[in-house]
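Asks: Have a look at this one before I ask anything.
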Amino acid sequence: MASQSWAQASDKLRVAIVGVGSRGTAHIKEMLPVANLEIAALVEVDGARAEAASQAIFAKTGKRPLIHTDMRRAFEDKNIDAVTIATTNHWHSLTAIWAMQAGKDVYVEKPVSHNIFEGIQLVKTARKYKRIAAGGTQRRWWGPFRKAVELLHAGVIGEIYQGNFFFPGNRDSLGFKPVTPPPANLNWDLWVGPAPMQDYHANLVPYNWHWFWDFGNGELGNNGIHMLDVLRWGMQKTLPVAVRSTGGRFGYKDQGQTPNTQNVTWTYADGSSIVGQLRGLYTPEPMSWDFFGSKGSMHLMANGDFRITLGRNKQPEPVVSYPANLDHFANFADAVRARDPKLLHAEIEETALSTALCHLGNISHRLGRELKFDPTTMRFPNDAEANAMLSRNYRAPYVVPNEV
């Protein structure tokens with residue numbers, strides 16, 4: 001187990017950030033104000049990014065973090081207590097598993113896994129090593145969302161039988177980028193990691209990897225995870241028994257592989273459902289959630305404002321007051337210090353369940369048919385083709401282990 005010297009000698013929590021792209025940069029910004037927390041190390045395969053992030057931390061604190069290219073060096077450091085992970089999706093689970101096996105607590109950005117097998121192993125690792133593990137579904141810390149869910153759980157709209165979400169991607173064509181040597185400052189082998197080795201092109205780094213199956217999970221895994229997590233939280237649901245996805249990559253031909261438009265229905269054993277719509281082309285409609293119950297409905301907006309309409313009324317109920325937002329990294333730090341995962345507002349199993357719905361939707365999309373799913377066995381009954389997509393072939397030595 002890692003040293004817990006921070007709890008014995010001081011209250012300082014020493015954190016390593018793995019990946020300092022857009023989300024990792026946000027981690028830096030959001031962690032710097034947290035009391036008694038030190039960003040002690042950065043892990044980044046792009047040297048230019050690492051130096052820029054180090055300079056930003058130095059400008060605020062007067063202290064430079066250690067920089068590592070290989071995350072395993074940071075995990076060997078006994079002075080590191082916790083790790084936050086903002087890598088590409090295909091590295092999320094393995095990074096967290098290695099960190100927890102080394103005795104570190106972890107905060108894992110969404111989606112917390114690249115496939116269903118990884119999510120299972122991620123939760124198993126947290127339980128086996130008794131680690132504090134949080135997922136990056138940040139709306140669980142937002143006051144308006146917490147109030148909305150509190151009211152839903154109290155039965156304000158009755159028994160909820162359906163939850164819908166709409167997400168507008170409004171994304172343009174990627175075009176086509178030629179194969180070139182990777183930039184000199186990028187460790188391509190480490191970036192590819194668990195995925196099959198392949199040629200570099202500029203549509204993979206720094207962001208558009210989201211739209212390639214080897215590395216990302218499409219818009220469903222990119223933003224759909226946030227949408228699904230709110231619905232599943234409000235409806236108090238776990239995993240469905242069936243899933244059906246339709247859609248495609250419409251409006252242009254480019255290098256991307258994942259759908260830019262996707263409609264998914266997840267059906268539960270009691271007949272209730274979650275229905276998701278992701279539209280990648282241009283639309284004026286804002287992102288939103290809708291809950292439908294036996295007494296009425298709730299419409300929830302991107303900023304957390306919501307309106308409740310009961311019965312046959314056409315006018316919504318009076319607006320309620322919202323509690324303040326919570327600081328998710330302060331929440332993580334508090335849980336680490338207390339050694340109590342129950343303090344977390346997004347414990348890793350909750351985010352792993354929401355992530356699994358994304359994977360189910362994408363498997364249905366890729367196979368082009370409805371799938372039956374058994375939440376107990378976490379497999380598709382009598383469906384070898386679908387079961388083969390629960391995991392991937394890993395490139396050694398970047399292998400998510402069967403035994404954690």
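Asks: Answer yes if at least one residue in region 224-231 is under 30 Å from ALA396 (Cα atoms) and either part of a helix (DSSP H, G or I) or without any contact (Cβ under 8 Å) to a residue 60 or more places away in the chain (or both), and no otherwise.
Replies: For region 224-231, residues under 30 Å from ALA396 (Cα atoms) and either part of a helix (DSSP H, G or I) or without any contact (Cβ under 8 Å) to a residue 60 or more places away in the chain (or both): present.
Asks: Can you say whether MET389 is hydrophobic (A, V, I, L, M, F, W, C) and under 17 Å from ALA126 (Cβ atoms), as far as the supplied structure shows?
Replies: No; evaluated as a whole, the condition is false for this residue.
Asks: Find all pairs meeting these conditions: Cβ atoms under 8 angstrom apart; at least six residues apart or on different chains; first residue within region 262-281 and under 16 Å from GLY221 (Cβ atoms); second residue of a type in the set (Lys, Arg).
Replies: Here the result reads VAL264/ARG244; ILE274/ARG232; ILE274/LYS237; GLY280/ARG171; GLY280/ARG249, each pair linking region 262-281 to a residue that is of a type in the set (Lys, Arg).
Asks: If the requirement is being surrounded by fewer than 19 Cβ atoms within 10 Å (Cβ to Cβ) and assigned to a helix (DSSP H, G or I), which of these qualifies: ARG369, ARG337?
Replies: Answer to the check: ARG337.
Asks: Can you find a residue in region 22-43 that is part of a loop (DSSP other than H, G, I, E, B), modelled with pLDDT under 95 and under 25 Å from PHE215 (Cα atoms)?
Replies: no
Asks: Suppose the filter is in contact with a strand residue (DSSP E or B) (Cβ under 8 Å, 6 or more places away or on another chain) and of a type in the set (Val, Ile, Thr); does ILE120 pass it?
Replies: Judged against the criteria, ILE120 is not a match.
Asks: Please go through region 58-115 and give me each residue that is among the β-branched types (Val, Ile, Thr) and over 20 Å from ALA396 (Cβ atoms), ordered by number.
Replies: Result: THR61, ILE67, ILE80, VAL83, THR84, ILE85, VAL106, VAL108, VAL112.
Asks: Restricting region 104-131 to residues that are under 19 Å from GLU30 (Cα atoms) and aliphatic (A, V, I, L, M), which is farthest from the chain's Cα centre (by Cα)?
Replies: VAL106
Asks: Out of the helices (runs of 4 or more DSSP H) lying entirely within region 86-185, which hold 3 or more residues that are buried (at least 20 other Cβ atoms within 10 Å of the Cβ), touching a residue at least 12 places away in the same chain (Cβ under 8 Å) and in the same structural domain as CYS358 (by TED's automatic domain parsing)?
Replies: Result: 143-153.
The values are calculated or read from the model by the stated rules, or taken from the named source; none is laboratory data. These figures come from a predicted structure and were not determined experimentally. Heads up, the Cβs are rebuilt from the backbone with ideal geometry, glycines too, and the neighbour counts pull from every protein chain shown.
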